[in-house]
Amino acid sequence: MEHIELFFKSIFVDNMVFATFLGMCSYLAVSKKVSTAVGLGAAVIFVMAITVPLNWLLDQYILQEGALKWLGEEYATYDLSFLSFIMFIATIATMVQLVEIIVEKFAPALYNSLGIFLPLIAVNCAILGGSLFMQSREIASLDLAFNYGISSGIGFFLAILTIAAIREKIRYSNVPAPLRGLGITFIITGLMAIGFMSFGGMLTGGDVEEITEETTIVSTPTENNTIEVSKEETIKLANNEKEIIE
Amino acid sequence: MGLLSKKDLKLITDPLADNNPITIQVLGICSALAITAELKASIVMSIAVLFVMGLGNLTISLMRNIIPPKIRIIVQLIVVATLVIIVDLVLKAFAYELSKTLSVFVGLIITNCIIMGRFEAFALANGPFRSFIDGIGNALGYAVILIIVGFFRELLGSGTLLGFKVLGDPIEKTGVYAFGYENNGFMLLAPMALITVGIIIWVQRSRNTSLIEDN
């Protein structure tokens, strides 16, 4: 149950692109064609499935306060968590390089389709973000970390695939000239993000984070109205979004 | 400006408008969108990026002849990560509340494409002084967009600027609230950041038609 909840939550509710804006750069740069978008998305799933569990192990047994206990009692007070940025990024960069070499050697066909995206991925914020969120959300076990890696990757894949499909179609529409290209992509992404917000209600009850986020917004009683209105809009826009996608 | 020649000055002014890292080069979007719900967070983020970019560009440019090209990405990442750890520790020491708001996004400066992008495009091919200026210029261009977005989102979303109630008090109905004005809570939510940036791009490209894409 825990696994299923985390899986759907990371894909829809906490979608990498629409909820936290991670991996935006490659999302915008590589989404002109569906085929390249699929390549990048697959590479992201692949790399995240490897690096998140690996960084979880690092975090658990080296970086956290008291994590070095297994070395002996005198190390129990060490807290190396200030090193986590450099450790995580070094792990990711080496893993990407390693994966590139292995894939090139054993699966040349896969390499040809993923190849050019792999170096790009080392600097994709979604990958590092996945590891940092894994740390700050205190994911409890190795298999959950693996699940989190894969499902966040799928969330990114879904996002880049939809935007690529929309961008291929929108080429035939009469967009105002200054908005063409980047501008309209931003606005569509904004609308899609509003649509994805409606998934927030999917896991109500067990979802503590979502509730705290809403209370910060509704800080004064007068704002209650605006929130309700925005929810209605959200649903309306989500419906429009579905039509557009179809 | 006796210190800077005309060419160097251009390195600072260009990224502010016609070669803006966010709206034209499409670099560094992630953090630009996620932390702009308040003006204060945007300003602190801009300063952090300014620090990392200036020094990072300088360091990479000094080392550009001794870095083997094959492992340059790892070297670049280590340089940035070190600088970011400094920023993170300073923030935690002097502005703890703010460092909680920025949460993982300070760490994500490491993979902010604006930094890697400028390393690759500029610092690896130019001298230390010019690289430093280029870093500062691009960080300022990034800061301009962040501050504009932060300004509008905080003003329209919560009616405050830097925490000051510039539009009056929404509970006691003073200022513009006396005329029935309501805060637009929607501006504080994530998607509006994207739409705000979209509108900035629209305005910028309507003013300078040579930037329009032909897609």
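The values are calculated or read from the model by the stated rules, or taken from the named source; none is laboratory data. Computed from a predicted structure; not experimentally measured. Every residue, glycine among them, receives a Cβ derived from its backbone with ideal geometry; neighbour counts consider all protein chains shown. Each accessible area value is taken on the protein alone, full model and side chains, heavy atoms only, with ligands, DNA and RNA left out. Shrake-Rupley method; radii C 1.70, N 1.55, O 1.52, S 1.80 Å.
Okay, here's what the table says:
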{"read-out": "Qualifying residue in region B:26-34 (condition: in a helix (DSSP H, G or I) and among the β-branched types (Val, Ile, Thr))", "value": "yes"}
{"read-out": "Condition met for B:Ser61 (farther than 30 Å from A:Met95 by Cβ and either assigned to a loop (DSSP other than H, G, I, E, B) or out of contact with any Asp or Glu (no Cβ under 8 Å at 6 or more places or on another chain) (or both))", "value": "no"}
{"read-out": "Where a residue in region A:2-23 is within 14 Å of another protein chain (Cβ to nearest Cβ) and in a helix (DSSP H, G or I) and its partner, wherever it lies, is surrounded by fewer than 24 Cβ atoms within 10 Å (Cβ to Cβ) and at pLDDT below 85, with Cβ under 6 Å and at least six apart", "value": "A:Val13/A:Phe199; A:Val13/A:Gly200"}
{"read-out": "Count - residues of region A:148-194 that are outside any helix (DSSP H, G or I) and more than 8 Å from every other protein chain (Cβ to nearest Cβ)", "value": "4"}
{"read-out": "Test: residue in region B:49-59 that is open to solvent by 10 Å² or more (accessible area, probe 1.4 Å), within 14 Å of another protein chain (Cβ to nearest Cβ) and under 27 Å from A:Asn124 (Cβ atoms)", "value": "no"}
{"read-out": "Subset of region A:120-146 (residues that are within 13 Å of the chain's Cα centre (by Cα) and open to solvent by 10 Å² or more (accessible area, probe 1.4 Å))", "value": "A:Phe133"}
{"read-out": "Residues of region A:89-124 satisfying the condition of being closer than 22 Å to B:Ile85 by Cα and at pLDDT 80 or above", "value": "A:Ile89, A:Ala90, A:Thr91, A:Ile92, A:Ala93, A:Thr94, A:Met95"}
{"read-out": "Selection within region B:149-166 - assigned to a helix (DSSP H, G or I), aromatic (Phe, Trp, Tyr) and over 30 Å from A:Gly181 (Cα atoms)", "value": "none"}
{"read-out": "Any hit, region B:175-187, residues being under 21 Å from the mean Cα position of the chain (by Cα) and more than 9 Å from chain A (Cβ to nearest Cβ)", "value": "yes"}
{"read-out": "Residue within region A:41-60 that is assigned by TED's automatic domain parsing to the domain that holds A:Ala90, assigned to a helix (DSSP H, G or I) and farther than 21 Å from A:Val99 by Cα present", "value": "yes"}
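Every residue, every condition in (1) open to solvent by 10 Å² or more (accessible area, probe 1.4 Å); (2) farther than 30 Å from B:Ile12 by Cβ; (3) of a type outside the set (Gly, Ala, Ser); (4) assigned to a strand (DSSP E or B), yes or no:
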residue	(1), (2), (3), (4)
B:Gly168	yes, yes, no, no
B:Val176	yes, yes, yes, no
B:Met192	yes, yes, yes, no
B:Val197	no, no, yes, no
